[in-house]
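The values are calculated or read from the model by the stated rules, or taken from the named source; none is laboratory data. Because the structure is predicted, anything quoted here is derived from the model rather than measured. Methodologically, a virtual Cβ is constructed for each residue, glycine included, from the backbone with ideal geometry; neighbour enumeration extends over all protein chains shown. Only protein heavy atoms, including side chains, enter the accessible area calculation; ligands, DNA and RNA are left aside. Shrake-Rupley method; radii C 1.70, N 1.55, O 1.52, S 1.80 Å.
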Amino acid sequence: MKCLFWIICLTLMPLAVNAGTPTCHDHSSGSYCRYTGQVQSIYINTGNLILLYFDSPIDVSVPSEKGFHITNGSATAFLVDERPEFAKLFYSTALAAQASGREVTIQMRGTQHGYLRFDRIWLSKN
């Protein structure tokens with residue numbers, strides 16, 4: 001029985017270690033943050049703000065070091081009214097990833113309502 005317990009633990013351990021936490025980087029065109037992982041949840045509110053939640057939140061001090069002063073590191077945001085067509089495409093891509101269990105990569109430059117502001121998304125093959 002103990003052997004079975006350890007096999008299960010060792011099998012599931014990499015899943016916890018690989019949880020997606022955003023990272024931030026310098027680039028010649030400016031700093032950015034990047035998230036690769038599952039779409040934990042995504043929603044839009046009546047204020048037309050899309051929020052996509054990360055596997056694991058980012059410590060707000062990490063983006064602050066790159067000039068992105070946020071108050072919430074659990075999600076990334078975008079205001080639909082700024083670019084409605086992009087917002088619709090982003091939302092549908094994120095929903096497709098969530099429904100299929102595939103990972104996304106999201107780049108974030110800037111802030112929106114205390115969150116990192118996303119500006120592009122990739123959908124991984126699997």
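Brief remarks on what is shown
- Positions within the range 72-84 being closer than 16 Å to C24 by Cβ and part of a loop (DSSP other than H, G, I, E, B), in sequence order: N72, G73, S74
- Of the criteria (1) under 25 Å from G30 (Cα atoms); (2) open to solvent by less than 50 Å² (accessible area, probe 1.4 Å); (3) at pLDDT 95 or above, which one S56 fails: (3)
- Subset of the range 85-126 [open to solvent by less than 50 Å² (accessible area, probe 1.4 Å), polar (S, T, N, Q) and assigned to a strand (DSSP E or B)]: T105, Q107, Q112
- Any hit, the range 65-83, residues being loosely packed, with under 13 Cβ neighbours inside 10 Å and free of Cβ contacts under 8 Å to residues at least 24 places away in the same chain: yes
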